[in-house]
């Protein structure tokens, strides 16, 4: 067996360094998750955020707020009898935490103070439900974190 001198050690160290750099370039990015912004109009929405704060504060002052429940047919959102939404309409946004392509945004008409988001449009995973409505032209918003199974 040959003796290792400083030249061999230098070549081994250089080879290990090259393998490490190749690992960082080729393998490491494969594990990177989708890190896009939640909204494409982030800055414009940030300027309007005081309206959201006011709507959440209005909802926080209510005695009862809408509730959601997982059923076989989908996610059932029920409004209390005390809430009379203008035009009997509400807006909801279902944000998918890790993939914005699975977001759902819609205006719905309440029937018997409730509506259903069908199971076929909801994938398994983590969501944020933003429920918005107006009553006597006063805005309200409630946010829920949901884990859909």
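Quick one: is residue 146 at pLDDT 90 or above, assigned to a loop (DSSP other than H, G, I, E, B) and farther than 23 Å from residue 48 by Cα? It is false that residue 146 is at pLDDT 90 or above, assigned to a loop (DSSP other than H, G, I, E, B) and farther than 23 Å from residue 48 by Cα.
For the stretch 96-106, enumerate the residues that are closer than 18 Å to residue 144 by Cβ and either at pLDDT 90 or above or not in a loop (DSSP other than H, G, I, E, B) (or both). Matches in the stretch 96-106: 96, 102, 104, 105, 106. The single condition from (1) in contact with a strand residue (DSSP E or B) (Cβ under 7 Å, 6 or more places away or on another chain); (2) assigned to a loop (DSSP other than H, G, I, E, B) that residue 82 fails is (1). For the stretch 78-97, indicate whether the set of residues that are under 11 Å from the mean Cα position of the chain (by Cα), in contact (Cβ under 8 Å) with a residue 24 or more places away in the chain, surrounded by fewer than 17 Cβ atoms within 10 Å (Cβ to Cβ) and over 22 Å from residue 134 (Cβ atoms) is non-empty. Yes. Of the residues examined, residue 70 is one that is within 14 Å of residue 145 (Cα to Cα) and touching a residue at least 40 places away in the same chain (Cβ under 8 Å).
The residue pairs whose first member lies in the stretch 112-133 and is without any contact (Cβ under 8 Å) to a residue 40 or more places away in the chain and on the phi > 0 side of the Ramachandran plot, whose second member is surrounded by fewer than 20 Cβ atoms within 10 Å (Cβ to Cβ) and part of a strand (DSSP E or B), and whose beta carbons are closer than 9 Å, counting only pairs six or more residues apart or on different chains, are 112/78; 113/78; 125/96; 125/147; 125/148. The numbered conditions (1) assigned to a loop (DSSP other than H, G, I, E, B); (2) at pLDDT 85 or above; (3) under 30 Å from residue 119 (Cβ atoms); (4) out of contact with any helix residue (DSSP H, G or I) (no Cβ under 7 Å at 6 or more places or on another chain) are all true for residue 63 except (3).
The values are calculated or read from the model by the stated rules, or taken from the named source; none is laboratory data. If you're wondering where the values come from, they're calculated on a predicted model, not measured in any experiment. Please note: Cβ atoms are built from the backbone with ideal geometry, for glycine as well, and neighbour counts cover all protein chains shown.
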